[in-house]
Amino acid sequence: MDRKNELADWRSSPRRFFGKQIDVAVDEGGVHRPVAFSFDDEVHEIKVILHYREDSAFGKGHRGSHRWWQRHHRNYYRVKDHQR
């Protein structure tokens, strides 16, 4: 399957939530993109990044005045590995 079809079909792919922590290996560039992750003692190399979003919200539990340094900065990726 070529990259164009993978990107077009990613919304219909099965979504599974495992609720477990994973270890992520990132590249050496300025923006640390994931290149592999380990899950249940198995290493998965990332074939393509299907979706990416940034989150810099304050979180649900934060009350009072919002200061810029109190935001959490998270990057979320949806990826496809070489096994599937």
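Taken together, the values in this text are just the output of simple stated rules run on the coordinates, not laboratory data. Because the structure is predicted, anything quoted here is derived from the model rather than measured.
Annotations
- Coupling constants for the stretch 27-37 follow from the phi torsions by the Karplus curve (6.51 cos²θ - 1.76 cosθ + 1.60, θ = phi - 60°), and in residue order they are 6, 8, x, x, 9, 7, 8, x, 10, 7, 8 Hz; glycine and proline get x.
- Between amide H atoms placed 1.01 Å from N, distances below 5 Å from Asp81 occur with Lys47, all of them 5 or more places distant or on a separate chain.
- For Arg33, the residues whose modelled amide H falls within less than 5 Å of its own, excluding neighbours fewer than 5 places apart on the same chain, are Asp27.
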